[in-house]
């Protein structure tokens, strides 16, 4: 059985491409990696609308269980909504270390979106319009209920926890990181802020730094 495995979870209405740079880096470093596509994701708006938050949780838990058959210790790493799923797992299952990347306590930073539009109106308006078009209303409601349910579970998260937040995130309010740190039950938390990163932090200007920090912390914890 491998000593250490990593479960890497993508975000709402996204796919594994969002987290692939980190998943591939960890795999190259010798970790056993599970990086599932969540139920209803990666195949268009219709399938997303037909899935529920319970399906997303089940996808993450099933991947965790597959990994637990091969690994003694598991780190769970979640990006955006994947961080909510990671917190769900950590509240109910043994997790050696938890990481969340740009995970909401509060979402949609209107002020940052306005800054983005002012700096590059055409690029960001197109991105926002495309994003809204691919989010079914029913799926958004499921996301909001998942967020509310996860907030109630935070005191039950007691494993070591690292919170990664891009300060230019327009999807998740950057203050979310402080609130997550405040409300979890863990006495071992660390907050890492990246001043030049937006929401897709693993594809942004500081992606290599994010991956390096996560890798170094995991290596430290393996000792």
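Could you list, in sequence order, the residues of the stretch 57-91 that are assigned to a strand (DSSP E or B) and under 27 Å from residue 138 (Cα atoms)? Correct list: 77, 78, 79. Just so you know, in the stretch 27-42 the residues that are closer than 16 Å to residue 14 by Cα and over 15 Å from the mean Cα position of the chain (by Cα) include one that is surrounded by the fewest Cβ atoms within 10 Å (Cβ to Cβ), and it is 42. Would it be correct to say that residue 197 is in contact with a helix residue (DSSP H, G or I) (Cβ under 9 Å, 6 or more places away or on another chain) and either modelled with pLDDT of 95 or more or more than 18 Å from residue 82 (Cα to Cα) (or both)? Spelling it out, residue 197 is indeed in contact with a helix residue (DSSP H, G or I) (Cβ under 9 Å, 6 or more places away or on another chain) and either modelled with pLDDT of 95 or more or more than 18 Å from residue 82 (Cα to Cα) (or both).
Residues of the stretch 178-218 that are part of a helix (DSSP H, G or I) and free of Cβ contacts under 8 Å to residues at least 40 places away in the same chain: 178, 181, 182, 208, 209, 212, 216.
Among the residues of this structure, residue 163 counts as one that is buried (at least 21 other Cβ atoms within 10 Å of the Cβ), touching a residue at least 12 places away in the same chain (Cβ under 8 Å) and either under 15 Å from the mean Cα position of the chain (by Cα) or not in a helix (DSSP H, G or I) (or both). In this structure, does residue 54 turn out to be surrounded by 15 or more Cβ atoms within 10 Å (Cβ to Cβ) and not in a strand (DSSP E or B)? Criteria not met by residue 54. With loosely packed, with under 14 Cβ neighbours inside 10 Å, at pLDDT 95 or above, outside any helix (DSSP H, G or I) and touching a strand residue (DSSP E or B) at 6+ places or on another chain (Cβ under 9 Å) as the only criterion, which of 104, 94 stands out? Answer to the check: 94.
The values are calculated or read from the model by the stated rules, or taken from the named source; none is laboratory data. On a predicted model such as this, the values are computed, not experimentally measured, just so you know. Glycine also receives a Cβ, built like all others from the backbone with ideal geometry; neighbour counts cover every protein chain displayed.
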